[in-house]
Amino acid sequence: MLNGIPFADFNLEIFSPLVADLAESGVLDALESEAIKTNLERFLLVLTVSLSVATLPQIFRWVRQIPYTLLLVVVGAALALVDVRLVNLSPELILTIFLPPLLFEAAWNLKWGDLRRDLFPITLFAVVGVTISVVGIGLGLAQWAGIPLSLALLIGASLSATDPVSVIALFRELGVGERIRTLMEGESLFNDGVAVVAFGLLVGIPLGIETFDLRVTVLRVFTVVGIGVGMGALVGFGISYLTQRFDLPLVEQSLTLIAAYGTYLVVEELGGSGVIGVVTTGLILGNFGSRIGMNPRTRLIVSEFWEFLAFFVNSIVFLLIGDQIRYNTLGDNLIPIGVAIIAMVGSRALSTYGLSSFYNMTLFINPRGAEAQSIPWSVQTILWWGGLRGSVAIALALSVPESLPGREVIIATVFGVVLFTLLVQGLTVKPLLLSLNLLGEDQPQKQEYLEKLARHKALQRVLEYLVKGDRRVGVEADFYQYQKALVEGRIRDLEVEINTLQSQYPQLKDFAAQQLREELLAIEADTYAEYMRSGQLQRELAPFLQEVLEQA
């Protein structure tokens, strides 16, 4: 429903009077008004279809086994089969409109402590792993599909990075463990930027306007990444300190939206990586700015806003990916698609298992303290098979100049591989997680424990109010005592239920200890933030409690 109007009964013509008034007043001419009306109708149609798909799991039980994002791809593919085209998916639409908010939301929610712990393996996957994929896919296509090496490398660059849009959405839906999510999300966020840089360097070679020079290439990569990190840091820290000066939740929420799109556009204009810029800004605002410049209520409002925006954009992106399929073109390019899939899966296995083993070996030779953890074989397997490709790969393929011979082969191959990763790998990730015992079978117990803990804390606050709060005129003291006894009784019941739950599932004790440590660290960070907002501190203090808790 939209404002109380069922989608089925929603009449797009209600916008016609508004558009007509603008045209008559001279603000828009008839052609512009018609274009606006058409685009608005298409947008509402896409939104209606995608949100209707969201209701399918509530109607059909068997549909619940399919993650929502993949279900959208399936529905889009079905629409393409009957030649229903909702919107033409252009690279500008993906990279400029859809990608910045999705990157920002993922970076906003990525904890710096977790990212720092696994920064070395993530960097290996994002840089060395992308290089292995580009070369592996490129050589495979050149050797076995007969595609010129320059074009094959271009396809390899398009398919070299795991797509953050696809990976993050799927892993969150499945409830994957924190360590796996950090490794996969961190890699996806950073190798996406590296892949875009690699594609930009390689696209000029087949056109004859670029030649490969290792020194120039390395210098260009550092320049592109450096501009992204530098501008992203400038925007992130700038907004962080700006929001210290006022407490306006809606303004602060709007500033984060401006930061996401503004950083991307400015960095791209300066010749840097907009992806790296947005990720840097999101990490700083999510881990630093939200602490020193936002109170807890504002942080919650901003987080909920980005959660909604990510769901909104994901709903559109995945539906349009399926809807863009051209089955006849895919059928004409089955050989390069098959070769690309084999080369992609193989090179991904080589980079994941090889680089993970190298990282584990460095830990054995030179341990990095209690924080550093090896990457077990089961996690490596999920990182390998869960490396989905998605909208970024499609956007890069569609951005190949039309003057380039072989452009249709590039687009068809990339589309075919993306569909394989989404529909084959994506639908088999959950069974693989279950078989490797990585999905977190104790997740329902953890959720039940957290709910009881939240109720216990809420009732304790209610009890404190009843004991210390001012007596309301007209309410007798006996009524206060009666309410106090009821609350105390329920608190005792909850304590018994929590203890029983911990007895049945002993692993919850470690989970409870971890939750307490995180709360203590949050209290310390919030205290420093209060001092900074009041002007008593001129800089953010480094966490002190982290070292104390690690030594305990």
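The values are calculated or read from the model by the stated rules, or taken from the named source; none is laboratory data. What you see is a predicted model; the values in this text were computed from it and never measured. When we count neighbours, we look across all protein chains shown, and the Cβ atoms used for this are built from the backbone with ideal geometry, even at glycine. Only protein heavy atoms, including side chains, enter the accessible area calculation; ligands, DNA and RNA are left aside. Shrake-Rupley method; radii C 1.70, N 1.55, O 1.52, S 1.80 Å.
Here's the yes/no breakdown for (1) part of a helix (DSSP H, G or I); (2) touching a helix residue (DSSP H, G or I) at 6+ places or on another chain (Cβ under 8 Å); (3) of a type in the set (A, V, I, L, M, F, W, C):
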{"position": "PRO100", "(1), (2), (3)": "yes, yes, no"}
{"position": "PHE120", "(1), (2), (3)": "yes, yes, yes"}
{"position": "GLY140", "(1), (2), (3)": "yes, yes, no"}
{"position": "ILE147", "(1), (2), (3)": "no, yes, yes"}
{"position": "LEU153", "(1), (2), (3)": "yes, yes, yes"}
{"position": "VAL176", "(1), (2), (3)": "no, yes, yes"}
{"position": "SER188", "(1), (2), (3)": "yes, yes, no"}
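Every condition in (1) in contact (Cβ under 8 Å) with a residue 12 or more places away in the chain; (2) within 29 Å of GLU519 (Cβ to Cβ); (3) over 24 Å from the mean Cα position of the chain (by Cα) holds for GLU451 except the one numbered (1). Pairing residues of the range 274-291 that are farther than 21 Å from ALA529 by Cα with residues that are hydroxyl-bearing (Ser, Thr, Tyr) and buried (at least 24 other Cβ atoms within 10 Å of the Cβ), at Cβ distances under 6 Å and at least 6 apart in sequence or on separate chains, gives GLY274/TYR264; GLY277/THR263; VAL278/THR263; VAL278/TYR264. Scanning the range 345-360 for residues that are among the aliphatic types (A, V, I, L, M) and under 16 Å from THR123 (Cβ atoms) gives a single hit, LEU355.
Of the residues that make up the range 162-180, is at least one open to solvent by less than 20 Å² (accessible area, probe 1.4 Å) and without any contact (Cβ under 8 Å) to a residue 40 or more places away in the chain? Within the range 162-180 (the criterion being open to solvent by less than 20 Å² (accessible area, probe 1.4 Å) and without any contact (Cβ under 8 Å) to a residue 40 or more places away in the chain), the answer is no, since none of the residues qualifies. Within the range 219-237, one or more residues are out of contact with any helix residue (DSSP H, G or I) (no Cβ under 9 Å at 6 or more places or on another chain), among the polar types (S, T, N, Q) and touching a residue at least 40 places away in the same chain (Cβ under 8 Å).
Let me confirm something: among VAL74, VAL49, which residue is among the hydrophobic types (A, V, I, L, M, F, W, C), part of a helix (DSSP H, G or I), surrounded by 16 or more Cβ atoms within 10 Å (Cβ to Cβ) and within 21 Å of the chain's Cα centre (by Cα)? Walk me through it before giving the result.
Working: VAL49 fails: within 21 Å of the chain's Cα centre (by Cα).
Checking each option against the conditions leaves just VAL74.
From the list ALA157, ALA145, the one residue that fits, being buried (at least 18 other Cβ atoms within 10 Å of the Cβ), of a type in the set (Gly, Ala, Ser), modelled with pLDDT of 90 or more and in contact with a Pro (Cβ under 7 Å, 6 or more places away or on another chain), is ALA145. The set of residues in the range 410-430 being open to solvent by 50 Å² or more (accessible area, probe 1.4 Å) and either free of Cβ contacts under 8 Å to residues at least 60 places away in the same chain or more than 26 Å from the chain's Cα centre (by Cα) (or both) consists of VAL424, THR428. Taking each residue of the range 514-532 that is among the hydroxyl-bearing types (Ser, Thr, Tyr) and looking for partners that are open to solvent by less than 40 Å² (accessible area, probe 1.4 Å) with beta-carbon atoms closer than 8 Å, six or more apart or interchain, yields TYR528/ILE292.
Scanning the range 267-291 for residues that are farther than 13 Å from VAL235 by Cα, part of a helix (DSSP H, G or I) and aliphatic (A, V, I, L, M) gives a single hit, VAL275. Inspection of the range 253-266 finds a residue satisfying the criterion of being assigned to a helix (DSSP H, G or I), within 14 Å of VAL229 (Cβ to Cβ) and either open to solvent by 40 Å² or more (accessible area, probe 1.4 Å) or modelled with pLDDT under 95 (or both).
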